[in-house]
1. Just to confirm the number: angle between the C-alpha axis of helix 11-22 and the first principal axis of the chain, 0 to 90 degrees, nearest 10?
2. Sum -39500 (n - 2.57) across every DSSP H segment of at least 4 residues in the chain, then divide by the residue count to get the 222 nm mean residue ellipticity, nearest 500.
3. Quickly rank 18-26, 43-51 as a protection proxy: mean count of other C-beta atoms within 10 Å, highest first.
4. Relative to a virtual label point 7 Å from the Cα of LEU66 in the Cα→beta-carbon direction, which members of region 1-36 show backbone nitrogen distances below 15 Å?
5. Work out how much length VAL12 to VAL53 would gain on full extension: take 0.36 nm times their residue separation and subtract the Cα-Cα distance, in nm to one decimal.
6. What is the magnitude of the charge dipole of the chain about its Cα centre, with +1 placed on the Cβ of each Lys and Arg, -1 on the Cβ of each Asp and Glu, and no other charges, expressed in debye to the nearest 20?
7. Take the eigenvalues of the Cα gyration tensor for region 9-66, scale each by 5, and report the square roots as semi-axes in whole Å, largest first.
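Computed from the coordinates by the stated procedures, all read-outs in this text should not be read as laboratory data. Just so you know, these numbers come straight off a predicted model, no measurement behind them. Cβ atoms come from the backbone with ideal geometry, glycine included; neighbour counts cover every protein chain shown.
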Amino acid sequence: MKILVTGGTGFVGSHAVAELQRSGHAVRLLARNRAKVAGVLGPLGAVADEVVVGDMTDAHRVSEAL
């Protein structure tokens, strides 16, 4: 299953992403800063399958991510 995660570069979100991937799910992130994604997820052994750059306050980007 593909799951959209917002806040995936934060502490709780990044650990959620790692666990979702360990459980076999594909993860799409809505992230404000693409450059931050690898540095946060890498140490947890996770990678973002897809990244949509944007913010929850931008309805167009949220729609695109969904």
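1. The helix 11-22 is inclined about 60 degrees to the chain.
2. Details: 3 runs with 27 residues, N = 66.
Rounded to the nearest 500, the figure is -11500 deg cm²/dmol.
3. Values: 18-26: 13.3, 43-51: 15.1.
Most protected by this proxy first, the peptides run 43-51, 18-26.
4. 3-6, 30
5. Working: separation 41, 0.36 × 41 = 14.76 nm, distance 1.91 nm.
Taking VAL12 through VAL53 to full extension adds about 12.9 nm, to one decimal.
6. Numbers: 7 positive and 6 negative charges, 20 e Å.
For the chain, the charge dipole is close to 100 debye.
7. Details: eigenvalues 76, 31, 16 Å².
They are 20, 12, 9 Å, listed from largest to smallest.
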